[in-house]
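The values are calculated or read from the model by the stated rules, or taken from the named source; none is laboratory data. Just so you know, these numbers come straight off a predicted model, no measurement behind them. Using ideal geometry, Cβ is built from the backbone for each residue, glycine included, and neighbour counts are taken over all protein chains shown.
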Amino acid sequence: RHLSYSDTSIISEVHNCLPILDLLQSAIGEGMTRRDHSDVSNQLYANYAIGKDVQAMKAVVGEEALSSEDLLYLEFLDKFERKFVAQGAYDTRNIFQSLDLAWTLLRIFPRELLHRIPAKTLDQFYSRDASH
């Protein structure tokens, strides 16, 4: 689902989040991270972008017009921005803790909606902790 909109505040918010996702992406490399890193990073990008589209759509049509899937993306967007992006100045997280947090956020979605993560990786990481 893609929305056509010209709200510069939404574009600005996405732009402000990109350095965080770029930082996550830049730590990819043998011996630096886990094998799920690239797939998780790609899925976070995709879900964040869809979440922003849904947020814009909600502003136009109202929350009651959204599907249950749309609501999952809004939940993800809220938790991603509050827990992943808005890390406190004195909070430190290494890449492994960031990946674990990313999986916690991705578990908001049913497994079949995580299209950017291969089945083998989902088998290994998706059900580690069913809570979110």
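Miscellaneous remarks
- The stretch 57-70 - residue that is assigned to a helix (DSSP H, G or I) and exposed (fewer than 15 other Cβ atoms within 10 Å of the Cβ) and, of those, nearest to the chain's Cα centre (by Cα): 69
- Residue 16, sole failed condition from (1) polar (S, T, N, Q); (2) part of a helix (DSSP H, G or I); (3) at pLDDT below 85; (4) crowded, with 17+ Cβ neighbours inside 10 Å: (4)
- Test: residue 49 is touching a residue at least 12 places away in the same chain (Cβ under 8 Å), surrounded by fewer than 16 Cβ atoms within 10 Å (Cβ to Cβ) and out of contact with any Gly (no Cβ under 6 Å at 6 or more places or on another chain): yes
- Across the stretch 37-51, not a single residue is classified as in contact with an Asp or Glu (Cβ under 8 Å, 6 or more places away or on another chain) and either modelled with pLDDT of 95 or more or among the charged types (D, E, K, R) (or both).
- The stretch 75-132, residues that are touching a residue at least 40 places away in the same chain (Cβ under 8 Å), crowded, with 16+ Cβ neighbours inside 10 Å, in a helix (DSSP H, G or I) and aromatic (Phe, Trp, Tyr): 84, 103, 125
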